[in-house]
Amino acid sequence: MGRKIRIQALMILMAFVLILSGCNFNSSESSSEGSGDKEGDTKSAGQVLNISATADIPTLDSTKAHDGVAFTVLNNVNEGLYRQDENHQPIEALVTEHTENEDQTVHTFKLRESKWSNGDPVTAQDFEYAWKRVMKDASPYNFMFVTASIKNAEAIMNGEKDAAELGVKAVDEQTLEVTLESANPLLQSLLTFPTFLPQNQKFVEEQGDQYALEAENILFNGPFKLVEWTHDQGWKYEKNADYWDAEAVKLDTINAYVVKDPATGVNLYETNKVDRIDLSSESVDQFKNDPNFDTILEPSMIFLRFNHTHPVLGNKNIRQAINMAIDKESLTDVILKDGSTALNGVVPKGFFQSPEGKDYRELNGDFNTGTVEEAQKLWEAGLKETGASDVAVSINISDSEDHKKVAEYLQAQLEDNLPGFKLEIKAVPFAQRLEIEKAIDYDLSLSSWGPDYSDPMTYLDMWVKGGSANRMDYHNPKLDELVTQARTETDLSKRYEMLLNIEKILLEEDAAIVPLYQDGTSILMREKIKDLIVHPTGASHSYKWASIEE
Amino acid sequence: MKRYFVQRIGYMLITLFIIVTATFFLMQLLPGTPFTNPEKLTAQQLTVLNAKYGLDQPVAIQYIRYLGNLVQGDLGYSFQHEGRTVSSMISTRIGPSAFIGLQALVIGAILGLVLGIISALKHNSIFDYGSVALAVIGMSIPSFVFAALLQYYVGVKLEWLPVALWEGYSSTLLPSIALSVTVTATVARFIRSEMLEVLGQDYVITARAKGMKENQVIVKHVVRNALIPVVTMLGPLAVSIMTGTLVIEKIFSVPGLGEQFTLSILVLDYSVIMGITIFYSALFIFVVFVVDIIYGFLDPRINYKGESA
């Protein structure tokens, strides 16, 4: 027996040693052993911010990045032509001078002198290279180039032209020329998006398929450098002394930890491991009165799509009745309790101001609000028009907790308030919900939409006929016409007026969808942290101006 | 013996082949695409992307291609983590999962053995009832409940061990302890019933009749024989616990494989789903094989020469 136990013990021991060697603990711990005095290290580090991230960075290749985590990191370690300021407006980053031709289709950008972290200068060629690379590889965000009206982008995307024909050219090292299909008032705002960042061709080609997959396989030219990146565990930024605007940067170190469970985040916050966390709705009640508690409005909106070919739902009175019969405030304040707010328009509030500085929502007000009685009147009128007596329809939703909560609430509200209405809930996986939507194989569908860029248009042009995100056979030629006009209108006030009118057509004239609520996030952030900017679109955070006040 | 090995390895390969085939075709039934940002993908983009990754080919051709690559040891690239190979994703993530799992297994097996043996020896005593009750609790309460309690009391309140994250040995302890509860309970119950059975066997009575010391009887005859079936159970248990558990890894922010597996199914990352399934199955099949071999050494009644007895 002794021998056998010994064999087993030996096997277990061997396995242990083998596994321990492959354990890759977060290297910040092991590297501090080398430098000896760990306490001294953190103290001398000066301004340190500790944050949590919800997931690992899939890739830091700006031409391929497609997720919020990567966009945030890229925004803080790289610098493009423009960057978003505190109010999410574009400010000049590498650009020092911008000129355009008469019809605003050829833009010339003069670049300031700046350096990559390997000492190479950042040149106009770096932009040309990176942009063409996005088109060549059919990257996830290549549609941004179409949105920005860059010449030939659409044709390249459709495979009709070669990526080399993209309307971007390095005239010399410091001059970049961008040609557009037509004037685009949003160009600068769009250029803050990480997909438009430059890349050093030589370095990218040297790294091959390993480019941007590790901290040492990428170059930096932004406010911070990524000095460590341990997959699935976290990463560490340090201030970039070579950054052209290094004086504005106050933080010395930022530690980001991957924390996927919100309850774990709370525990880490309470033990001072992190300074800022997102709260799940379960924790909101517990911290509501904490001085560090805050609620942030998010720009994504949750709404109901109607199948406009449905015999009953195709009727405007019916759709309007459904709009009015739902108490949206109770939905956000009683059911969801996660910081979201009721929404009675398609463009969320708080992010999109007119040239005169007024919020879009304030200018356009609420649509389709009313009492249950008014809803019932419209309902009856609609039933008469369609010749239906009762309506049994289904709602297509994702099988997530939130979707189920919302759908059950809608079911109760609508069946109570609208006589003869029957709503069946059909929960399917997220991907399938999308497929069903795209095939318009539903009656009602619970959907969400997040913005691609900082302008109301990102919520408005999706409703044109055949638009890839229309997905409900909705069509109003007046809306299509206005969208086309607004796309090229360069008088910003006139254009904004058009944007307001598009929403009026969609909701006042057609009641084409039911906007439900605007997302929100509840957070805990220590009061000592100042000027950490949260953006509605593109990269979600800017640390460039953030500081710690002890 | 040699013939038996060859035969077994043949069966193992066939099993693996069936698993690969079934997974591959079942996966195709899932709706959606493996590409990121499906909400905004246009039909044209989808066509370009499908062509780029060969997903526009008939499933049969995709399958043959996949098998061809697999034979050469190539598990392909992840769709979600563009540029990262599936094998590198598995190899960096299996370490933490396996370490926590093995540690939990060792803690659980030792505690379980002690509890099980004592409660069998003190059959029908208060101690026996106590440990049976403990085992039932351990079996019926899911490990993530223990995980949350441990994290809050040991991590936040007492500050004895790190709350979460993966920063050195001390951060492996809480997840291992949380995971070990189920193992302890399983092993304790198993050992107890095996011991009780063995204690009634003729050869135990014989040993006692020969005048052997009670200690020797227990160690040499009872425990040793009771251990044999435990080995069978421990193998598969080890695999399931070592390959990572979604919830424990999420709660303690452990960069393990279990979480990755679930995530890859949700986002339909074809190559990662395949890769991890193959890895799990291969490991499982191998461990069952090893258990059978060890079994042969432990139990003289089994021989592998011809038909097994």
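Structural remarks
- In summary, A:Gln104 fulfils each of the numbered conditions (1) within 14 Å of A:Phe196 (Cα to Cα); (2) away from chain B (no Cβ under 14 Å) with the single exception of condition (1).
- The lone exception for B:Ala98 - which of (1) out of contact with any Asp or Glu (no Cβ under 8 Å at 6 or more places or on another chain); (2) within 14 Å of another protein chain (Cβ to nearest Cβ); (3) among the small types (Gly, Ala, Ser); (4) within 30 Å of A:Ala431 (Cβ to Cβ) it fails: (4)
- Checking A:Lys422, A:Lys426 one by one, the residue that is of a type outside the set (Val, Ile, Thr) and over 28 Å from the mean Cα position of the chain (by Cα) is A:Lys422 and no other.
- B:Leu105 being in contact with a Leu (Cβ under 6 Å, 6 or more places away or on another chain) and part of a helix (DSSP H, G or I): no
- Within region B:6-43, considering residues that are polar (S, T, N, Q) and not in a loop (DSSP other than H, G, I, E, B), the one modelled with the lowest pLDDT: B:Gln28
- A single member of A:Lys202, A:Lys225 is under 30 Å from A:Val48 (Cα atoms) and either touching a strand residue (DSSP E or B) at 6+ places or on another chain (Cβ under 9 Å) or away from every other protein chain (no Cβ under 14 Å) (or both), and it is A:Lys225.
Conditions (1) more than 25 Å from the chain's Cα centre (by Cα); (2) of a type in the set (Lys, Arg); (3) within 30 Å of B:Val136 (Cα to Cα), marked per residue:
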| residue | (1), (2), (3) |
| --- | --- |
| B:Leu30 | yes, no, no |
| B:Ser87 | no, no, no |
| B:Gly108 | no, no, yes |
| B:Leu115 | no, no, yes |
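- Filtering region B:207-222 to residues that are crowded, with 19+ Cβ neighbours inside 10 Å and either facing chain A (nearest Cβ under 9 Å) or without any contact (Cβ under 8 Å) to a residue 12 or more places away in the chain (or both) leaves nothing.
- Just so you know, in region A:243-293 the residues that are in a strand (DSSP E or B) and aromatic (Phe, Trp, Tyr) include one that is nearest to the other protein chains (Cβ to nearest Cβ), and it is A:Tyr257.
- Count - residues of region B:107-120 that are surrounded by 15 or more Cβ atoms within 10 Å (Cβ to Cβ) and out of contact with any helix residue (DSSP H, G or I) (no Cβ under 7 Å at 6 or more places or on another chain): 1
- Residue match in region A:457-466 (condition: surrounded by 15 or more Cβ atoms within 10 Å (Cβ to Cβ) and either among the basic types (Lys, Arg) or not in a helix (DSSP H, G or I) (or both)): yes
- Elements of the type helices (runs of 4 or more DSSP H) sitting completely within region A:72-169 and holding at least 1 residues that are crowded, with 16+ Cβ neighbours inside 10 Å and basic (Lys, Arg): these cover A:124-136.
- Residue ranges of helices (runs of 4 or more DSSP H) in region B:153-263 with at least 1 members over 25 Å from the mean Cα position of the chain (by Cα): B:170-199, B:202-209
- One residue stands out among those in region B:239-258 that are at pLDDT 80 or above and of a type outside the set (Val, Ile, Thr): the one that is farthest from B:Leu149 (Cα to Cα), which is B:Leu257.
- Matching residues, region A:471-497, being without any contact (Cβ under 8 Å) to a residue 60 or more places away in the chain and buried (at least 19 other Cβ atoms within 10 Å of the Cβ): A:Leu479, A:Leu482, A:Val483, A:Ala486
- Qualifying positions in region A:513-527 - acidic (Asp, Glu) and part of a strand (DSSP E or B): A:Asp519
The values are calculated or read from the model by the stated rules, or taken from the named source; none is laboratory data. Computed from a predicted model, the values in this text were never measured in an experiment. Every residue, glycine as well, gets a Cβ built from its backbone with ideal geometry; the counts of neighbours run over all protein chains shown.
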